[in-house]
Structure formats: C-alpha cells, structure tokens
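In what follows, a single structure is set out as structure tokens and then discussed.
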Amino acid sequence: MLRSISTSVRTWASDPFDRDDHPWITVGKNVKYCCVIFWFVVWVVCTGYSISWLVGPVGIPQSVTTAEEAHPNGIENYYGIMWWGKGDVLHPIINNVTGLGFGPSKYFDPNKPTLIYSHGYQPGAGESARRERLTSFDGVLMADAWIEAGWNVGSFYWTQFADEPNVEGAEAKIWPLCLPVLDVCDAPYPMRWKKKDGTFVKPLANSIPSVSDLLYESIVASTEGANPEKGFKLRLVGHSLGGSVVIGASYRLAAAADAGIIPSYLKPERVSMLDPFWTPAHARDVFQRLLRMRYVHNVTQDMSRTSVFSAPAGYGKELLTTPNSQLTTAFVWQDAKFISSQNGYFAGATAGAAKHMSSKAFYFLSIDPKNPNKEIGPSAVTNDQVVKDFAVSGYYWKQVKGFYTESILDDVYEKLSWHHDPLPNHDGDAEGTIAIWVLINVLFLVLTCCCGICFCTWCLGKRKRLKFDDIEKMNNVADDDGGGGGGGGGNAISKGKGSCELDSVQRKN
C-alpha cells in the first residue's frame, strides 16, 4: 500500500486535480478514517499546546486590592510597610509625623519576631493600584502560616516607584550614591512615581530618598518599642528586585545599629533573597554590601534560585575563583515544575516568570514545623548558625525531589560543590522552552499544510469530474434525441454540438 501511495503522490504532483490515482482515492476507507482521526488528534494537541504556551500558567488569582489598601485615605502615592492580619488582611499605616507607611500598627506586636518582605519590579501596577499579596499558586495565604507560628509579618510596598517601562529604571531607584551611616545620600535617579492615570510625577530633587533608604526609615519608625528580651528579632526577605532592596536596607540597618545610631536589635538577624535579580551595572552595590554584612556585621544571609531571572546564575565564573572563606551567602537551587491542582504544570511562554514567582512559596511555606529539611536546610527555620556555616562550606543545595508539588514536605536536596558542579546559566530542564514550542508548531504547520493541500486538490478534482459527468450526460441526451428523427444527419449534428460544448467547458476549466 505504501508503495502504491508513493507512486500516486509522485504522479499526482504533476497534475494534482483531475486524476484517478489521487492519494485520497487510492487508499481504502479504513486508512482514510485513520488519517482523519490521527490528523485531528495531532491538530488538537498542537493547538492546545501552542495556546497554553502563549498564555502560560496563571495560578490562583490573587485577591483584588481594595481602594483603601491601595490608596488609604485617598492618598495618591502610598509607600511603606503594611502589616498582615490573618485571612489576607492588610493594614496600611497613616502617620502624618513619620510619613506614609511609617508607624505602629495593631498587627505589630513588639514582643514577637518580625519578618518584613519586599516585592520587586511591578510594571503596570501603578495604574491598576495592585498590591502584591503573599498568596501561593495553590491559594495558600502564606502570611497566615508565619502569624500562626508567632511572627509579625509586614510587606514593604514601593509599588508606584517600581512601575517603570524597564527594569533598569526601577532598579536605579534602589541604590543611594553612598554607603550611609551618618551622612545623607542623594537619590541617584529621579524618584518619580506613577499615578493611577498612567502619568508620572517627578518630585523635587532629594525630597524622597532611594527605595532602600525608604525601607530603612519605615522599619525604624514602624518597630518602635520592640522588645528583644521577649522575643523580637528582625528578618528581611526580598523577592526578585526586592532582593536588592533588602540588601541595601539591611546593610544600612546593620551599620547604623553597630554604630549605635539605632537600637542594636534593629540589625537584621537574617536576610533572605528569593530568586534575586540585579543587573551587572549594580553588581558592585550588591556584592560590596553582602561582603560587609557577613564579615563586618555578622549577618546571616541566604539566597535561592528558581528561574533564569536569578542574577547569581550569571556569576558562575566569579564563584569558581572565590575562596570559600570569602563566600557570604548560603545558596539553594530549587526547580518547581508544578503550578497548582487547578493549573497543572509549568509550561509556556510565561513559565519562566511563574517559576520566578514560585520562590516565594518555597520560602514562606518552609516554616512548616514538619519540614524535613528544617535541621540541616534549606528552610526558613534552619538555625542561623547552620546557614552561616554552610555559606562558607564551598557547597550549595540543589533540589532533587519534590518538583511536582507545591508542598515543601516532599522536597529533597543534595549538596553540590561550587567548584566541581558549578551552577548552570540555563533553567536545567526543557519544559516550556522555545525549542519544544517551535518543534510542535512546525509539526502542526506541516501536517496542516499537507492535509489541506491533499483535501483541497481532491475536492477541486472531484468538482471537475462532476462537471465532466454532467457534460457526458448532456451528450448522451443529445445522442438520444438526434437518433429519433431523420437518420445520420441529425445525430452527427447533435454530436458535433455536444463536442463543441465539451471543448468549450474544458477550455474554461
């Protein structure tokens, strides 16, 4: 049969229309049905994958920010710390003396350990007045787990400053032009912010300090009366570009606390960076502060990588040549492949962004007391000294199990050497990559074109044959009419007329 089809295709290619050996005619009905079903299934799969790849994962929709949360008291540009209450409740602070978002809150207990989180780049959030929530892809209210464990949880919002056309514009607002302890530093970039109508407001020069300085000031103002003897300690956590924000603020807090400018308990006991991002232009700002925080101010630091957005992945060569004694941060490479029970697996054009966001769940959910990695790490509750010692061990953690659930209870890690198993610059898996998407779409186009050409030429050929059959019937009718009346002459005339009509129709075709 295959040889017959091959021969038919070669001969058909020269004149694909009115042929008796057209491929669609030469095969049997069963083969035709199988071809149609196979093509339909492949078409559905390719179409579904292409759409899902382009749309990407969306996860559980976050709670919509209320007008009072986004713009309390109708204030156009709100920034500073909001504190979390159980059940996804946000409490904005209005303090006309210390500034927006700077001051006490009913959700801040001065006798409890305190975590303050900073978001990252927020394109489009200024106009929508969106505030990033601490909600996992599977809908878990992650702040609740920490509140139940006895922590205060606050989110530092710089949303309208972080809404820029490009990430470099938002990043430039993070860093002051000096390492401040006593002196006042200039903001290095216009601290403009976006209004709800999409326009920018540019304040007077140096009227608003850098974003990391805003976080520093809001922490000092919002933790007044903290009591370390009864349990207060401070931890800063930043995601993506927010990793740079907490690095900048943590360094200033540590330096000011050790200099006696602010209470010593405001020096962070731990700084965690979740899939942090910075551009090469600001690598010096980051590394200088990380180094001084570790070796001058003795601050515990840990960092994760869940996507290609992670800036440390681009510093493999530097890490290979860095002595263990100069390493500063415990590092973990995590590889989420699961979104949620409603949305399946990471795949598609936005899979990288979804993996980037998954770093929050890895960290916040790891406070679970049943976490199997809480003793030796990595986890948010691993002892600070264990984390500090691991940072200079020459090893990093790599996830080897637990990829397909959001739960951290089935996560397993192994230790790898920075020198023998350097961190790659790619995602580490092929799911959702451009190559697979291109391959499937090429297959889809080839199958569609082949089947489409075959079907269309068969239809056109069939139409042509039907026209020919109609003409033949007309000739036969003419022959019958001519034979009844007067012999050969009438018949010859009818045939001649029929032949002319046939020639005319064929020329038109």
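The values are calculated or read from the model by the stated rules, or taken from the named source; none is laboratory data. Predicted model only: the values in this text are computed from it and were never measured. Cβ sites come from the backbone with ideal geometry, for glycine too, and all protein chains shown count toward neighbours. Keep in mind that these areas ignore ligands, DNA and RNA; they rest on the heavy atoms of the full protein, side chains included. Shrake-Rupley method; radii C 1.70, N 1.55, O 1.52, S 1.80 Å.
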Label point distance in nm, LEU204-TRP43, each placed 7 Å from Cα along Cα→Cβ: 6.8
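Give the calculated FRET efficiency between CYS449 and ASN30 to the nearest 0.05, with a Förster radius of 41 Å applied to their Cβ-Cβ distance. Present the calculation step by step, with values, prior to reporting the outcome.
Values: r = 24 Å, r/R0 = 0.59.
With R0 = 41 Å, the Cβ-Cβ based efficiency is 0.95.
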ARG130 - accessible surface, heavy atoms, 1.4 Å probe, Å² rounded to 10: 100
Decide, for the stretch 74-139, between rounded, prolate and oblate: order the square roots of the alpha carbon gyration tensor eigenvalues as a ≥ b ≥ c, take rounded if a/c falls under 1.5, and otherwise choose prolate if a/b is larger than b/c, else oblate. oblate
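Per residue, how many Å² of accessible area does the stretch 215-263 show with a 1.4 Å probe? Don't skip to the answer; put the middle values down first.
Details: 1380 Å² over 49 residues.
With the other protein chains kept in place, the stretch 215-263 gives 28 Å² per residue.
Rolling a 1.4 Å sphere over the protein heavy atoms, what is the accessible area per residue of the stretch 362-405, to the nearest Å²? Show your work: numbers first, answer last.
Numbers: 1980 Å² over 44 residues.
For the stretch 362-405, the per-residue accessible area is 45 Å².
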Provide the per-residue ³J(HN,Hα) series for the stretch 278-286, in order, calculated from phi with Karplus coefficients 6.51, -1.76, 1.60 and θ = phi - 60°, each as a whole number of Hz, with x at glycine and proline positions. 8, 8, x, 5, 10, 4, 5, 4, 5
Just the accessible area for ASP258, please: 1.4 Å probe, Å², rounded to the nearest 10? 80
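Roughly how many percent of the accessible protein surface of the stretch 203-266 is carbon and sulfur, given a 1.4 Å probe and a whole-percent answer?
Details: 990 of 2040 Å².
Carbon and sulfur together cover 48 percent of it.
Rolling a 1.4 angstrom probe over the protein heavy atoms, how many square angstrom per residue are accessible across the stretch 66-145?
Numbers: 2940 Å² over 80 residues.
About 37 Å² of surface per residue is accessible.
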Can you give the accessible area of ILE147 in Å² (nearest 10), computed on protein heavy atoms with a 1.4 Å probe? 40
Of every hundred units of 1.4 Å-probe accessible area on the stretch 102-169, the number belonging to carbon and sulfur atoms, as a percent, is 53
